[in-house]
Amino acid sequence: MSKIQINGLTKIFGQNEKAGIEQLRQGKSKDEILRDTGATVGVNQASIEIEEGEFFVIMGLSGSGKSTLIRLVNRLIEPTSGEVMIDGSDIAKMSKQNLIETRRKKLGMVFQNFGLFPHKNILDNVAYGLEIQEVPLEERQEKARRSIVDVGLAGYEQSYPKELSGGMQQRVGLARALANDTDILLMDEAFSALDPLIRKDMQDELLGLQNKLGKTILFITHDLDEALKLGDRIAIMKDGEIVQTGTSEDILATPANDYVSEFVKNVDRSKVLEASQVMRKPEVLISTKDGPRMAIRKMEEAGVSSIFVVDKEGRFQGVLTIDDAIQCQEKGAVLENVLITNIYQTAPDTPLADLIGAAVDTKYPIAVVKEGMLLGIISRVSILSGLVLGKEQEEVSNT
């Protein structure tokens, strides 16, 4: 079962909701409905499924309906029709008391305007959600302190919001949501008010927290680069409708229509494509238990002059050259002692932009490693071809 399931969710603003709904069913556009009925379509029959632990981003320009949609998810705005299922329960049909409990226990909200109390110190700001839940003082302060540490603000507990930068204040807002220990974080343009450098730091911070805590995150943004960087999947909205949902690669490679194509045409693919998307399995690979004779044989068969080496569990050990393998065999040396171990290594989610310099400087392919395990390798050709292929796909889609 999905953590959040949105089915046919619609919001019509104005007096003529029924007329607006009927015209939506007839296929009328947002502008036509406004002209004919005076009603404004905020969200038009949106359907999304978000899995537990997923980082899901909704993006679109101003007026696309993205912020309305996130407010429908926690029922700050009442839906006109449709369902919002949180762990299988429809929030649109909950009683007031059940809605309050669901918000407290399952839905944390982080807004663009930090929403901090200027007269409260950082500790009390972070603990505020727990305070209104009547959590005992000692317990709520302990939870608040842990969240403050998580967002990198240890030592600022007694400071006041006016004493912090914009980025630090946004960290306080994030810490307050984390302190409530909800399963889901709803983030509405949370970083839009920050300058570019602080915004990048907050994006990195949020990704690190997501890896650590495994929250389900619904994130709203108008910035495509931000969406592509953060989202496991992305939904693009226009005029209240979701026009495409998919991974970053889906949206870049196969935009659903001209509107999406316009969005992605100037994207720097080196910042979006990751190591895992261009890596390949080594043509030949040996284990440290194989010995130099096996290494020489595999290199001769493959016509290569070096080979990647792992231990019996698959953990990366280094690279063995043909010259070193021959010398190792002749002298009866231990294979591990002649391995080249200063090979450039990277994680599978590293953007290609961060690997271009290494690809130019390194003599050997880059090893893609996760928790010590060799997942694949990336050559200079792989990086360049990945970028060129993306560019060619863009040119084809625009012809």
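Quick notes on this structure:
- Pair S379, S89: separation of 7 Å Cα→Cβ label points (nm): 5.7
- The chain - Rg over Rh from alpha carbon coordinates, Kirkwood radius: 1.08
- CD proxy at 222 nm, helix term only [per DSSP H run n ≥ 4: -39500 (n - 2.57); per residue of the chain; nearest 500]: -12000 deg cm²/dmol
- Extension gain from M294 to R315, taking 0.36 nm per residue of separation minus the Cα-Cα distance: 5.7 nm
- The longest stretch of the chain left intact once loop-based GluC sites (Glu not before Pro) with at most 14 other Cβ atoms within 10 Å are removed from consideration, loops following DSSP, is 135-282.
- On the beta carbon distance between S287 and D250, with R0 = 35 Å, the FRET formula returns roughly 0.45.
- Between S159 and Y344, the contour length at 0.36 nm per residue exceeds the alpha carbon distance by 62.4 nm.
- Extension gain, K370 to S2: 0.36 nm times the residue separation minus the Cα-Cα distance gives 129.7 nm.
- Relative to the longest principal axis of the Cα atoms of the chain, the long axis of helix 322-331 makes an angle of roughly 50 degrees.
- Least to most buried among T362, T37 (fewest other Cβ within 10 Å first): T362, T37
- Counted over the stretch 4-270, the DSSP beta bridges are approximately 50% antiparallel.
- Dipole of the chain, positive end: most advanced residue of M299, Q141, P79 [Cβ charges, Cα centre]: Q141
Values quoted throughout were computed directly from the atomic coordinates according to the rules given, and no laboratory measurement underlies them. Computed from a predicted model, the values in this text were never measured in an experiment. Glycine also receives a Cβ, built like all others from the backbone with ideal geometry; neighbour counts cover every protein chain displayed.
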